[in-house]
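Asks: I am attaching a structure below and will ask some questions about it afterwards.
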Amino acid sequence: MTTAFYTHHDCKLHDMGAGHPESPARLQAIEDQLIASRIDQLLDYRGMPLAQESDLARVHSAAMIALVKEHSLALAGKAGCYPLDPDTSVNAYSWQAALRAAGAALAATDAVLAGEVSNAFCAVRPPGHHATSRTPMGFCLFNNIALAARHALEAHGLERVAIVDFDVHHGNGTEEIFAHDPRVLMVSFFQHPFYPHCGTEPEGDNTVNIPVPAYSDGAVVRKLVTEQWLPALNAHRPQMVFVSAGFDAHREDDMAQMGLVEADYTWLTRQIMAVAAEHAEGRIVSCLEGGYNLSALGRSVVAHMKVLAELE
Ligand SMILES: [Zn+2]
């Protein structure tokens, strides 16, 4: 059994302007580092199908879907971006890229549940975990991991899933989408106080949010994960585990001020693998969220993928 790696050129065409940290170069850095580490040969490379608008509607309002679609398609044949908020823009290719990103998360869920692959990583952009049911925000257009989790519940009939979010920012969109849904347990840690300035008071009782101060390192995070995430995950007994895999808590990442290193992402992924092995027949779908230092991002994704592919 193998680990699937989902990628598509369309995701590099979504561009929010020169100097924007959420850049197409992020995906290239990941691909380059996979090749440099020679694990690319061991992965099952898969293209990303396009999600359908009816898939997006499982999570997002019709007005939100139309907002992204209309502003992106209005730029067809033109350069430049339309700002949806101060951080988040669309260009002519954003609609297509967003459908690919969501489509990858859905296809990965299908492939893992069909037993075609052991688990999957989706190298997607735009990222998703800040996107709420009603609005894009924080570099995110549609919430890829939420779409995948709801697809597993509603199209595949799973009864319990978990979402693990180790991005340095709180996944406010994912929390909002699943608040009070007992089928979904969300566990996360995030730098606090920090964007998006919420999460300390969970919206529902199905969320384990761990705010951590700036400059926290891997030892702090490992202790909190051991004490708070793992008991909750094991009590929930998820039939599938979804990962919002942001790598911006890396100490070389200037977006935030936390101190994780590749070994911490290895450790985190091992904990996720153990929970999935215990309860979920190993089923994991992981989707890229943040990570803005290109070198640290590439190395951290390799660390994550090596554990997923059981190479380390
Ligand atoms: Zn982030």
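The values are calculated or read from the model by the stated rules, or taken from the named source; none is laboratory data. A quick note: this is a predicted structure, and the numbers were derived from the prediction, not measured. Please note: Cβ atoms are built from the backbone with ideal geometry, for glycine as well, and neighbour counts cover all protein chains shown. Areas reflect the complete protein model, heavy atoms only, side chains present, ligands, DNA and RNA absent. Shrake-Rupley method; radii C 1.70, N 1.55, O 1.52, S 1.80 Å.
Asks: For Gly282, work out the one condition from (1) more than 13 Å from the ligand (Cβ to nearest atom); (2) surrounded by 21 or more Cβ atoms within 10 Å (Cβ to Cβ) it doesn't fulfil.
Replies: Every condition holds for Gly282 apart from (2).
Asks: So, one more: Out of the residues in the stretch 285-295 that are surrounded by fewer than 22 Cβ atoms within 10 Å (Cβ to Cβ) and outside any loop (DSSP other than H, G, I, E, B), state the one that is farthest from the ligand (Cβ to nearest atom).
Replies: Filtering the stretch 285-295 for residues that are surrounded by fewer than 22 Cβ atoms within 10 Å (Cβ to Cβ) and outside any loop (DSSP other than H, G, I, E, B), the one farthest from the ligand (Cβ to nearest atom) comes out as Ser295.
Asks: Would it be correct to say that Val301 is under 23 Å from Leu141 (Cβ atoms), open to solvent by less than 10 Å² (accessible area, probe 1.4 Å), assigned to a strand (DSSP E or B) and of a type outside the set (Ser, Thr, Tyr)?
Replies: No, not satisfied.
Asks: Listed residues Ala245, Ala235; which is in contact with a strand residue (DSSP E or B) (Cβ under 7 Å, 6 or more places away or on another chain), among the small types (Gly, Ala, Ser) and modelled with pLDDT of 95 or more?
Replies: None of the other options fit; the residue is Ala245.
Asks: Can you find a residue that is of a type in the set (S, T, N, Q), surrounded by fewer than 22 Cβ atoms within 10 Å (Cβ to Cβ) and either more than 16 Å from the ligand (Cβ to nearest atom) or in contact (Cβ under 8 Å) with a residue 24 or more places away in the chain (or both) anywhere in the stretch 255-266?
Replies: Yes, because at least one residue in the stretch 255-266 is of a type in the set (S, T, N, Q), surrounded by fewer than 22 Cβ atoms within 10 Å (Cβ to Cβ) and either more than 16 Å from the ligand (Cβ to nearest atom) or in contact (Cβ under 8 Å) with a residue 24 or more places away in the chain (or both).
Asks: May I pose another question? Determine if the stretch 114-134 includes at least one residue that is over 27 Å from Ala29 (Cα atoms), within 16 Å of the ligand (Cβ to nearest atom), touching an Asp or Glu at 6+ places or on another chain (Cβ under 7 Å) and outside any helix (DSSP H, G or I).
Replies: Within the stretch 114-134, one or more residues are over 27 Å from Ala29 (Cα atoms), within 16 Å of the ligand (Cβ to nearest atom), touching an Asp or Glu at 6+ places or on another chain (Cβ under 7 Å) and outside any helix (DSSP H, G or I).
Asks: Kindly indicate whether Phe247 is among the aromatic types (Phe, Trp, Tyr) and part of a loop (DSSP other than H, G, I, E, B). Outline the logic, then answer.
Replies: Working: among the aromatic types (Phe, Trp, Tyr): yes; part of a loop (DSSP other than H, G, I, E, B): yes.
For Phe247, the condition - among the aromatic types (Phe, Trp, Tyr) and part of a loop (DSSP other than H, G, I, E, B) - is met.
Asks: Pick out the one residue from Phe139, Phe166 that is in contact with a Ser or Thr (Cβ under 8 Å, 6 or more places away or on another chain), within 14 Å of the ligand (Cβ to nearest atom) and open to solvent by 20 Å² or more (accessible area, probe 1.4 Å).
Replies: Phe139
Each row is one residue, and each column tells you yes or no for (1) farther than 30 Å from Pro86 by Cα; (2) in contact (Cβ under 8 Å) with a residue 24 or more places away in the chain; (3) in a loop (DSSP other than H, G, I, E, B).
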| residue | (1), (2), (3) |
| --- | --- |
| Ala146 | no, yes, no |
| Leu158 | yes, yes, yes |
| Asn209 | no, yes, no |
| Ala235 | yes, no, no |
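Asks: Another one. Residue under question is His250, and the condition is that it be within 26 Å of Ala98 (Cα to Cα), away from the ligand (no atom under 16 Å from the Cβ), of a type outside the set (Asp, Glu) and in contact with a helix residue (DSSP H, G or I) (Cβ under 7 Å, 6 or more places away or on another chain); does it hold?
Replies: In short, no.
Matching residues to (1) open to solvent by 20 Å² or more (accessible area, probe 1.4 Å); (2) modelled with pLDDT of 95 or more; (3) within 19 Å of His304 (Cβ to Cβ); (4) among the β-branched types (Val, Ile, Thr):
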residue: Asn143; (1), (2), (3), (4): no, yes, no, no
residue: Leu147; (1), (2), (3), (4): no, yes, no, no
residue: Pro182; (1), (2), (3), (4): yes, yes, no, no
residue: Phe189; (1), (2), (3), (4): no, yes, yes, no
residue: His197; (1), (2), (3), (4): yes, yes, no, no
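Asks: While we're here: Out of curiosity, is Met240 under 28 Å from Ala25 (Cα atoms), under 19 Å from the mean Cα position of the chain (by Cα) and either among the β-branched types (Val, Ile, Thr) or surrounded by 22 or more Cβ atoms within 10 Å (Cβ to Cβ) (or both)?
Replies: So Met240 does not fit the description; no.
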